[in-house]
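Quick notes on the structure that follows.
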């Protein structure tokens, strides 16, 4: 004797559908596994990522292809020159650090350090931190404390811009969507190394001294004229 299967009641159907939707939403909101995060930041992916650049101003975003971008190849021969090259990278489970070299048609080659993070398997690069012009990059690595260590040759006090000879090691930590410098050759950077524009400014001081000197010259030139007028006034009297 067979029994006919009962159709699902409306209440049961709605409850089942609600549970299924909740399960799907929970799976969509779940963070991607660490392996997926790291794979999104491997060198092959980093060499084909979009990077925001502040050089040249205003900020622009370039899409690397196989580690390179050339504005004239992308936009045509009349475009302003802008060439960007992937230099090196270092990747951890949480973020990647990427060094890019940018040339805008002149002799300068500007090195920037970019923080790349991945969410749900999608990598996003932050704005570049400017490191210097025409540096010779020797290496990039990550410390046990998740600091990024960059070794390069930069310009010493007496070096021309073209020919750096001073070896330097800098350490950076992630700070928001970029990096912050914490050590230079193992020592905290002195505040004096960060240029601070004075409130009055040297230009204001120079203008003040120039104005004083100009007034003195004008006064000296006016003295003979005043003296002659005094003599004439006394003669008439």
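Working only within the stretch 98-122, note down all residues that are touching a residue at least 60 places away in the same chain (Cβ under 8 Å) and closer than 17 Å to residue 87 by Cβ. Residues satisfying the conditions are 113, 114, 115, 116.
The set of residues in the stretch 128-139 being surrounded by 19 or more Cβ atoms within 10 Å (Cβ to Cβ) and within 18 Å of residue 175 (Cα to Cα) consists of 128, 131.
Residue 99 meets all of the listed conditions (1) loosely packed, with under 12 Cβ neighbours inside 10 Å; (2) touching a strand residue (DSSP E or B) at 6+ places or on another chain (Cβ under 8 Å) but one, namely (1). Residue selection: residue 140 fails the criterion of being within 18 Å of the chain's Cα centre (by Cα), farther than 20 Å from residue 61 by Cα and without any contact (Cβ under 8 Å) to a residue 40 or more places away in the chain. Only residues that are assigned to a loop (DSSP other than H, G, I, E, B) and modelled with pLDDT under 95 were counted across the stretch 114-133, and they come to 4. Residue check: residue 87 meets all listed conditions (1) modelled with pLDDT under 90; (2) over 21 Å from residue 145 (Cα atoms); (3) surrounded by 13 or more Cβ atoms within 10 Å (Cβ to Cβ) but one, namely (1). In the stretch 91-98 there is no residue matching the filter, namely being in a strand (DSSP E or B), closer than 23 Å to residue 180 by Cα, at pLDDT 95 or above and over 19 Å from the mean Cα position of the chain (by Cα).
Out of 145, 161, report the one residue that is assigned to a loop (DSSP other than H, G, I, E, B), at pLDDT 55 or above and either surrounded by 10 or more Cβ atoms within 10 Å (Cβ to Cβ) or under 18 Å from the mean Cα position of the chain (by Cα) (or both). Of 145, 161, the one residue that is assigned to a loop (DSSP other than H, G, I, E, B), at pLDDT 55 or above and either surrounded by 10 or more Cβ atoms within 10 Å (Cβ to Cβ) or under 18 Å from the mean Cα position of the chain (by Cα) (or both) is 161.
The values are calculated or read from the model by the stated rules, or taken from the named source; none is laboratory data. None of these values were measured; they are calculated from a predicted model. Positions of Cβ are backbone-derived with ideal geometry, glycine not excepted, and every protein chain shown enters the neighbour counts.
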